[in-house]
Structure formats: C-alpha cells, structure tokens
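A quick write-up on the structure given underneath.
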Amino acid sequence: MQKNRLAIIFAIVFVDLLGFSLILPLLPFYAEKFGATPTIVGLLVASYALAQFFGAPLLGRLSDRYGRRPILLISIAGTVFGFLLLGFADPIGKLIGGTSVAVVAVLFFSRILDGLTGGNLTVAQAYITDVTDLKNRAKSLGMIGAAFGLGFIIGPVVGGLLSRWGYAVPAFVAAGLAMLNWLAVLVFLPESLTAERRLEMAKRPRAAFNVRALRQALNRPRVGPLLHIRLFFALASGMFQSIFALYAQQQLGLNSQATGYILGYVGLLVVIVQAGLIGRLTARYSEKQLIFASTILLTFSFVAWALTPSLPVLLVVLIPMSLGTGVMNTVINSALTKAVYPEEVGGTLGLAASLESLSRVIAPTAGGALLGQVGAWAPGIVGAVIMGWLISFAYRRLIVNPDPPLPVRSEPRWAEAMA
C-alpha cells in the first residue's frame, strides 16, 4: 500500500514538473512576442516566484489542517487554469483591451495564479512525510527529487519541439498534463491524514503565514538553522541556474542547443544522486553530517566553476556540484520534517519553499549583474563565498552546538504508530 502511494506521488510530481518545464524556457520568447521588454520579462518570471513565496506556506498549513488530498486538488486546479490563461492570453487580451499591454497583463495574471496555488511539491513532500517512518524518509523524499529532476530534463526538450506550432501550444499541453494529474489525485490517491489525525491537528492550530511568522521560524530552535541553510544555499545555486545559459555563451561560446544538453546532463546527475545514493548515504551518515559535508563540497565546486577554462573541465566540475546539490535539496527537507511536530510539517515545508521562491527573485538579478558588470567568473566566486559562510554556520549550529532534540510530548496512538 505504501509503495503504491509513493509511486502515485512520484508520477504526480514528475508530470507536474514536466508541465512546468515545458513552458519555462519559452516564456520569455512568448512575452516578447507581445512587445514585452527584457525588464518586463524579468518581472514576469519573478512574479511566479513572488506569488509562490506567499502561497506555498499557506497551502502547506491548510494541508496540515484539512488534509493533503483536497489541497493537492485545489493546487493542481490552479495550475490547470494558470496554463490555460497562458495559452489563451492573446485572444483574452484582445477581448478585454485589444492591446499588447492587455495580453501581457493576462500573462502576469496566469503566472501569479499558478504561483499562488503552486504548492503541489510542498504538499507532496508533506504527504511523503505522513506515510514514511523517520528511517526511510530521506530516501523517499529523494525519489521525489528524482521525479523533479526527470521532469526538468524532459520538459524543455519537449517544449522546444512543441513550440514549432506556436508558443501557446506548450501551454495547452502543460494544462492537459496538469488535468491528468488532477484526475490521478481524485481517482487513485487516498488521503494520508486520517480523520483522527486531522482532528488532533485542528486542536493545535498554527497562525496564518506572514512576515512575522517567517521571522519567528528563522529564530526557532532546530528549524531556524535549517531554514537559514535552505535560503543561502538557494541563493548560491539560484545564481548558477538562472545565469548558466548566459555564462555558457559568454565564457565558453556555447549555443542554446549545447547549453540545453549540459543542463540535461546536470539534471541526470542529480536524478542519479537522489534516486540511487540518498538512501545509502542516509543509512551511513546523519543528516547533519551530510548537510555539513555538502556545504564543503559545494564551496569548492563553485570556485572550480568560476575558474573553468573549457567545456571538458566544466563537465567534470558539474559532477561534485550535482552531488552536493542533490544531497542538500533532499536532506534539508527531510531534516525539517523531523524538527517539528506532525501538525507543523506542511507549513514548515511551505516556509522552506517560500524562502526558495524568494531566492528566485533575488538570484537572477544578482547573478545577471555580476556576470554583466564584473565577469563570467563572478557568480561562481560569490556563490563560493556564500557556501563558505554556510560551512562555518553549519559547523557551529549543526555539529558543535546543535539545538536540543524536539521535546517528546504525549501523542495519540496514530502518532506513536508513525514514530
């Protein structure tokens, strides 16, 4: 039964990310078709991340209160409508305003709607937490990361092929994939939180998400250090992801096709790490040790990336970078689920997702400025500085002076069964 649930969640995350990555690389070209300037395109991309910053923790906390399945259905429905608006942006814009400005406004609304309701991954991770024990949680979350990676490997290629028939076509295909996801959840996915568990969680309600709640979480024992690491790691890795295409063109003279192959290679490496290595690593080392080791590995990887002279060297450098990234992404989320009580899991994962969304607003701007104003080496060096600081932070807060374990409290029988 548990394996069937995990397989369904794996398929849902894969299809979700496949649909998302179908349109992600094409969105700038789609917007420019209607007269959007590069600045407007940047704001359009950032609008999704900013909306998700507020939406992800809210959906996570709602899933703690009302169950994972209904919130997944609401979230995926929002994705369906967001993609449909994206595909129909031209006729809707002409209907409501008749100008290119109106069309671009529809594009913004579609991305904001998808961002606000785009808590699919957060709720899926909370679902995994519900149906796995502490020992196997990191391994199971690693499989979710593998589904995430596979979606990002295949999606851009398929999206590029579909764009031959117009930029709206990938958006409609993405909407169709999201609709299949919605039906899969409706028909095949049982609720992971029983009525008894939801009732118990309702007795311990959490405050609504706001900036104050985020600040309190960052200062909270056990959770705060992990959220700090999540944020600064996301800033460093976000610069790599957001400006890599420009870096490859400027530093190595690669075209878009070659860059796509390299990103596919990175995605494949991350999938191998998350699907094949996470279980073995977590069986041998603690999550705190793996986080600390990953900060060291990534620091040297960013330095090597900054100093890469050629494509063959880059392909070698990307191996330890992908290893560190794959381990860090999975283990931090697993550690967060163990640092809070069951009724806080969805909200806490949502807070982590919101911090990552915030980094996707900041990192592209910072990375682009460093690349354009300083040089192709600058984003890598700044990323190394950030990760170098995290070495010290993780050593102090996780290894030398860790926060005390989560206090044991009297739990109902369902919680004892999950322990």
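No lab work stands behind these numbers, since they all come straight from the coordinates. Values in this document were obtained by computation on a predicted structure and should not be read as measured data. Cβ sites come from the backbone with ideal geometry, for glycine too, and all protein chains shown count toward neighbours.
Magnitude of the Cβ-charge dipole of the chain, K/R +1 and D/E -1, about the Cα centre, nearest 20 debye?
Details: 32 positive and 17 negative charges, 165 e Å.
Dipole magnitude for the chain comes out near 800 debye.
Quick one: Karplus J couplings for segment 68-77, per residue in order, coefficients 6.51, -1.76, 1.60, θ = phi - 60°, nearest Hz, x for Gly and Pro?
Values per residue, Gly and Pro as x: 6, 4, x, 6, 4, 4, 5, 4, 5, 4 Hz.
Do the sum for the chain: with -39,500 (n - 2.57) for every DSSP H run of n ≥ 4, divided by all residues, what is the mean residue ellipticity at 222 nm, to the nearest 500 deg cm²/dmol?
Working: 19 runs with 332 residues, N = 419.
Here the helix-only value at 222 nm equals -26500 deg cm²/dmol.
Under the Karplus relation 6.51 cos²θ - 1.76 cosθ + 1.60, θ = phi - 60°, what is the ordered set of whole-Hz ³J(HN,Hα) values for segment 100-117, x standing for Gly and Pro?
With coefficients 6.51, -1.76 and 1.60, one gets 5, 4, 5, 5, 5, 4, 5, 4, 4, 4, 5, 6, 5, 4, 5, x, 5, 9 Hz.
Show me 152-165, 358-371 ranked by packing, highest mean number of other Cβ atoms within 10 Å first.
Packing proxy ranking, top to bottom: 358-371, 152-165.
Compute the whole-percent fraction of alpha carbon pairs in segment 1-185 spaced more than 28 Å apart.
In whole percent, the long-distance tail amounts to 25.
Rank these for me by crowding, Tyr341, Tyr48, going from fewest to most other beta carbons within 10 Å.
Going from least to most buried by this count: Tyr341, Tyr48.
So how compact is segment 207-403: Cα radius of gyration and Dmax in angstrom?
17.0, 51
Binning at 10 Å from 0, report for the chain what percent of all alpha-carbon pair distances ends up in each bin.
All Cα pairs considered, the percentages come to 5, 22, 33, 27, 11, 2, 0.
Work out the count of Lys pairs in the chain where the Cα-Cα distance is under 24 Å, with the pair 8 or more places apart or on different chains.
Count of close lysine pairs: 10.
Which translational diffusion coefficient, to the nearest whole µm²/s, is obtained for segment 216-304 from the Stokes-Einstein equation, given a Kirkwood hydrodynamic radius over C-alpha pairs, 37 °C and 0.692 mPa s?
This corresponds to a translational diffusion coefficient of 214 µm²/s.
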